[in-house]
1. If you take the residues in region 320-332 that are surrounded by 22 or more Cβ atoms within 10 Å (Cβ to Cβ) and hydrophobic (A, V, I, L, M, F, W, C), which one is nearest to Asn461 (Cα to Cα)?
2. Go over the candidates Ile368, Ile347 one by one and state the one that is in contact with a strand residue (DSSP E or B) (Cβ under 7 Å, 6 or more places away or on another chain) and not hydroxyl-bearing (Ser, Thr, Tyr).
3. Does region 464-476 include one or more residues that are at negative phi, without any contact (Cβ under 8 Å) to a residue 24 or more places away in the chain and part of a helix (DSSP H, G or I)?
4. Just one of (1) modelled with pLDDT under 90; (2) surrounded by fewer than 22 Cβ atoms within 10 Å (Cβ to Cβ); (3) not in a helix (DSSP H, G or I) trips up Pro516, so point out which.
5. Would it be correct to say that Leu522 is surrounded by 21 or more Cβ atoms within 10 Å (Cβ to Cβ), part of a helix (DSSP H, G or I) and free of Cβ contacts under 8 Å to residues at least 60 places away in the same chain?
6. Take Asp96 and decide whether it is acidic (Asp, Glu), at pLDDT 80 or above and touching a helix residue (DSSP H, G or I) at 6+ places or on another chain (Cβ under 7 Å).
7. Taking only region 525-544 into account, find how many residues are of a type outside the set (Val, Ile, Thr), closer than 23 Å to Ile449 by Cα and part of a loop (DSSP other than H, G, I, E, B).
8. Given the structure, is Glu47 modelled with pLDDT of 60 or more, loosely packed, with under 12 Cβ neighbours inside 10 Å and farther than 30 Å from Ser515 by Cβ?
Amino acid sequence: MVSENNASDSSQRIRLTGRVVSRGKAFGPVYVLPKSDLITDFRDLNEHQIALELENFDRAVFQVTDRLKDATDKYSSSVADNTLDIISAQAAIVADPSFCGKVRDRIRNDAFGAQLAIRIVTDEYRDQLLSLEDEHLREKAADLQDVCEQLLSFLYEKPAAFELPRGSVIVCSEIWPTTVLSIAASKPAAIVTEAGGWTSHAFILARELGIPAISGVKNVIQRLANGDNVRVDAVNGHIEFIDFPDETVISTIPPVSLENKPSIGLASRVKLSDGTELFLLANADSADKCREALDSGVSEIGLVRSEYLFEMIESLPNETLQTDTYREIAEAANGRSVAIRTFDVSIGRLVAGKTQRERNPALGMRSIRLTLRYERQFRSQLRALIRANSRGNLSIVVPMVSGAADVRRVRSLVKSEFEKISSSESNAIVPKIGAMIELPSAVITIDQILEEVDFVCLGTNDLVQYVLGVDRDNETVADWYQTLHPAILRSIKSVIDSAAAMNKPATVCGEAAGSPFYLPLLVGLGVRRFSMNPSSIASMIEHARKLSLSDCSRLTESMLLSTSASQNERTLANFCAKLWPGLGVERVNFPPASTSNF
């Protein structure tokens with residue numbers, strides 16, 4: 001929603017309001033990115049024209065491939081692994097013989113121009129992806145659209161990179177990940193768009209690059225013009241026109257830094273100013289990424305999503321592949337602990353040829369429900385994990401546990417498979433078993449669950465979704481997705497307190513675990529173990545050293561008495577602003593209370 005207010009201050013003409021998708025503040029002149037040109041509807045081409053269009057398409061494919069490779073090389077040390085995964089996914093689309101073959105068929109058989117053929121084939125694939133229940137596959141629709149726009153840009157003979165005035169506020173109706181990479185060299189002050197949410201790949205990248213961004217500003221390209229001076233407050237979601245910016249206005253805006261993030265150093269633990277110790281763990285999705293994180297000083301891998309194996313092979317990975325992969329991860333850890341989450345996938349990926357349309361997949365047959373239903377496939381994964389655990393450093397995390405009964409069933413299966421394996425393989429070791437706490441029922445019965453497990457992980461991304469009954473991928477209800485809702489704070493405290501009372505490790509996973517903004521709150525709630533993307537660790541260490549347990553405890557006590565998320569956000573924002581003025585907490589990327597994925 002956008003509002004306009006006439007201000008009494010003559011230096012301010014108008015204010016626009018939108019959704020914060022990358023935190024920070026900035027000031028600069030507007031630069032409006034032009035929309036894609038209309039496609040020329042070439043049809044009924046002759047043989048010579050068809051040959052030229054095929055040449056043009058192949059040239060565009062080569063140029064996009066080269067551009068994505070350059071992006072990977074350039075940003076491999078300055079952005080997180082999930083961003084590089086986005087680039088890799090797009091490179092796979094460009095290299096897909098099916099996609100490119102269908103475009104060529106449209107050109108060759110239907111006598112269409114390359115521009116029209118690309119758009120038609122993209123629309124067909126995009127519609128298919130968006131109709132699927134698998135969230136992972138639906139997300140590929142955005143990557144497909146980005147690839148389409150890149151191919152078209154080269155066919156239009158537009159430059160591969162944007163040459164923008166440094167420090168511009170980029171304004172457009174929608175922005176794609178590769179466009180963000182293209183403009184990054186010009187060090188934009190901020191991004192303002194009509195469309196896009198917190199989970200948009202472009203804004204994931206903006207957060208990694210430290211670019212403040214606001215989306216959801218209706219008709220923004222008609223309301224902002226090139227050269228307008230604007231102040232972007234991507235903390236409160238405001239864009240303000242400034243007629244005559246003075247030094248006071250400019251000095252209040254911290255500079256945006258796109259430099260490489262500092263290395264972690266040998267610091268798997270960090271102490272608060274009063275000596276309280278925190279444990280920083282890393283999330284990783286391959287043996288190489290585990291090795292990189294551990295080599296940098298992290299003592300443990302807090303979470304490995306085993307479904308990353310589906311990136312290696314389209315169908316269910318067989319037991320041999322799983323065993324080899326898990327063993328490689330265990331060996332890369334060199335005796336240090338690694339927690340591997342069992343498959344959290346849709347039925348179509350777990351069972352070949354099986355499809356099942358559900359009205360609400362988030363509440364349907366997924367995670368541990370699905371793997372317990374298809375026990376043969378689940379037993380295969382458990383055997384692979386047991387065989388790979390010859391060093392004793394692998395543990396199993398069970399997702400979407402609803403209560404102690406789920407854990408008992410998993411333990412029974414693990415015991416059964418271990419007995420079969422140990423009869424012929426003397427070096428087999430039973431992995432430790434933990435539960436991912438993300439359902440209200442798991443929070444309520446946490447004491448019973450803790451009796452059955454060796455440790456717990458708080459899957460806080462889904463915890464907010466399920467406790468508040470809000471689809472975290474639905475932008476229309478984004479205002480109800482409130483990370484700092486009193487129910488969320490009380491849920492986290494309940495789990496942490498219960499785990500401490502029973503001397504069981506409890507690790508917070510998700511985006512908030514790597515967010516300095518949420519760090520004081522989580523410390524005050526009793527959290528001591530945080531698992532995050534390795535790229536977040538250096539910043540967490542820097543901010544944690546200025547905290548004290550007593551200050552965090554007082555902060556949390558006051559927030560637990562609050563009755564609203566908005567009040568909690570103000571309280572926490574004020575605390576951070578006073579504590580870290582020199583570190584610029586406003587520039588640290590963290591999700592706002594109403595739209596976060598924590």
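The values are calculated or read from the model by the stated rules, or taken from the named source; none is laboratory data. Since the model is a prediction, treat every value here as computed from it, not as a measurement. Counting neighbours? That spans all protein chains shown, and the Cβs are built from the backbone with ideal geometry, glycine included.
1. Checking each candidate, the answer is Ile329.
2. Only one candidate passes the filter, namely Ile368.
3. So far as region 464-476 goes, yes, one or more of its residues are at negative phi, without any contact (Cβ under 8 Å) to a residue 24 or more places away in the chain and part of a helix (DSSP H, G or I).
4. All conditions pass for Pro516, except number (2).
5. So Leu522 fits the description; yes.
6. no
7. Matching residues across region 525-544 total 3.
8. Spelling it out, Glu47 is indeed modelled with pLDDT of 60 or more, loosely packed, with under 12 Cβ neighbours inside 10 Å and farther than 30 Å from Ser515 by Cβ.
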